[in-house]
Amino acid sequence: MVVKLKLQRKGTKNRPCYRLVVQPDRTALEGSVIEILGQYDPLKKSELLNVDAEKVKAWLAKGAQPTDKVRILLGKAGVLPAVDVAALPKKKAKLHKEEQPCES
């Protein structure tokens, strides 16, 4: 079973607040949580990230994999080495049905 460090959205409409959680890879974001490691509030001026660094390092040592956004945030918090955002893979834009290439 692959375990991931994910951000779970909490809060109200237009006022997001996130929890840093440990979940199985295939679990929906609202699904079962193994452990809560911290909180992230993007609306604060300093983009406040409260995280228990010891627990994060312990989960990473056990083989947990952080998502891209979590890896960036942990780099800013000083828990992991800083990540070069430009080096991360880009998401491809979805093609509309009219724009899909023809099969001839």
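Values in this text are rule-based calculations from the coordinates and carry no lab data. Remember, it's a predicted structure, so these values are computed and weren't measured experimentally. No Cβ is skipped: glycine too gets one built from the backbone with ideal geometry, and neighbour counts run over all protein chains shown.
Miscellaneous remarks
- Check: the chain dipole with +1 on Lys, Arg Cβ and -1 on Asp, Glu Cβ, in debye: 260 debye
- Neighbour cut-off at most 11 other Cβ (10 Å), DSSP loop, trypsin sites (Lys or Arg not before Pro), segment 34-75: K44, K45, K62
- Our helix-only sum for the chain, with -39,500 (n - 2.57) per DSSP H run of n ≥ 4 divided by its residues, gives a mean residue ellipticity at 222 nm of -5500 deg cm²/dmol.
- Close amide-amide hydrogen proximity is noted between E35 and V22, each under 5 Å apart and 5 or more residues distant or on a separate chain (H modeled in the peptide plane; Pro and chain starts excluded).
- The GluC sites (Glu not before Pro) found in segment 31-70 that occupy coil by DSSP, while having at most 14 further C-beta atoms within 10 Å, are E47.
- D (Stokes-Einstein, µm²/s), Kirkwood Cα radius, the chain, 1.567 mPa s at 4 °C: 84 µm²/s
- For segment 6-47, the residues whose amide N sits under 16 Å from a probe point set 7 Å from the Cα of A53 along the beta carbon direction are 38-39.
- Of all DSSP-defined beta bridges confined to the chain, some 90% are antiparallel rather than parallel.
- Gaussian network model of the chain, Cα within-10 Å springs - most flexible of A64, A77, A93: A93
- Stretch gain in nm, segment K69-N14, where the contour uses 0.36 nm per residue and the Cα spacing is subtracted: 17.9 nm
- In this label model, L60 and I36 are separated by 2.3 nm, measuring between points 7 Å along each Cα→Cβ vector.
- Nonlocal amide H pairs with K10, under 5 Å, H built at 1.01 Å: C17, Y18, R19
- GNM remark for the chain: springs join alpha carbons under 10 Å apart, and the peak mean-square fluctuation among D25, D84, D52 falls on D84.
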